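The values are calculated or read from the model by the stated rules, or taken from the named source; none is laboratory data. Remember, it's a predicted structure, so these values are computed and weren't measured experimentally. Neighbour counts are summed over all protein chains in view; Cβ atoms, including those assigned to glycine, are modelled from backbone coordinates with ideal geometry. Please note that ligands, DNA and RNA were not included when accessible areas were found on the heavy atoms of the full protein model with its side chains. Shrake-Rupley method; radii C 1.70, N 1.55, O 1.52, S 1.80 Å.
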Amino acid sequence: MISGFSSALCVRPIVSFSNTIRGLHNHGRVACLATSMTMARDAEKDLESRKYELLNIIQDTQRGLVTTADQRSTIEEAMVVVEGFDAGKEIDLSKLDGTWRLQYTSAPDVLVLFESAARLPFLQVGQIFQKFECQNESRGGLVRNVIKWSVPRLLEENEGATLIVSAKFSCLSARNIYLKFEEISLQNINISDDLQAVIAPAILPRLFLSLQILQFIRTFKAQVPVTSPERQSVGGLYYLSYLDKNMLLGRAVGGGGVFVFTRAQALAC
């Protein structure tokens, strides 16, 4: 009896100590996991706040047309902060795939469109998109720069016609892509009600020729290749500085300007 009792006394403390160590270890793991989750949530909240600040700063710039030097400096600083959350990561082409709406740019070749529309009463520049097609690709894909524009009274407001500049792109590094422009096309012409009434008055019977003209205008598509056997394709280097599910930041390498895009609904073109 004494021997058995002594054995029990010797064993139980060892088991109890082992369970205590295991419990402390599990508690430490849970606490560490909880801390990591809290930190991740805080970082995500901070990121969303910084993205909101950037969009708020560019809100009244008319997509970059109306900015001061101080505003451009503030926008640059806000972009750098957002870019810092995604620094060093390789671009995920599955995230890049889709349609992006231009919210701001400092690129001279885009700003000249806005400046022209502001000066010329017969030109309107509507929404501008970048549409990436690279869902099942690993090192590149296709990108279309889509510009909605119009001529007041002749075409529908802001979306009377669509100009598309298409390019193939290839990934040169984790963040740099090279654009090789291939084609410029004009399509989706939507004439205004006033012009439609002139071509084919809303009085029966409409002439067959008038209806044919309307149909031709609606389905008209002009395509001009940028490349030819005698001419080398125009290209450009583009640095994708930030990407997530709803924001894309880019920089045209060589001082070509910066771009701020937000995710848009799918665009058929």
Self-check item: Sites matching GluC sites (Glu not before Pro) across segment 96-204 that sit in DSSP coil, with at most 13 neighbouring C-beta atoms within 10 Å
Solution: 157
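Largest first, how would 143, 253 line up by accessible area (1.4 Å probe)?
The residues order as 253, 143, largest area first.
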Quiz item: Share of segment 102-183's accessible area from carbon and sulfur, percent, 1.4 Å?
Solution: 53 percent
Exercise. Would you list, by chain and number, the lysines whose Cα falls below 21 Å from the Cα of residue 45, excluding same-chain residues fewer than 8 positions away?
Key: 89, 95, 245
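In debye, nearest 20: dipole of segment 49-142 around its Cα centre with unit charges on the Cβ of K, R (+) and D, E (-)? Walk me through the numbers before you get to the answer.
On the way: 10 positive and 14 negative charges, 50 e Å.
So the dipole magnitude of segment 49-142 works out to roughly 240 debye.
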Exercise. Determine the sum of side-chain charges near residue 237: Lys and Arg each +1, Asp and Glu each -1, restricted to other residues whose C-beta is under 13 angstrom from that of residue 237.
Key: +3
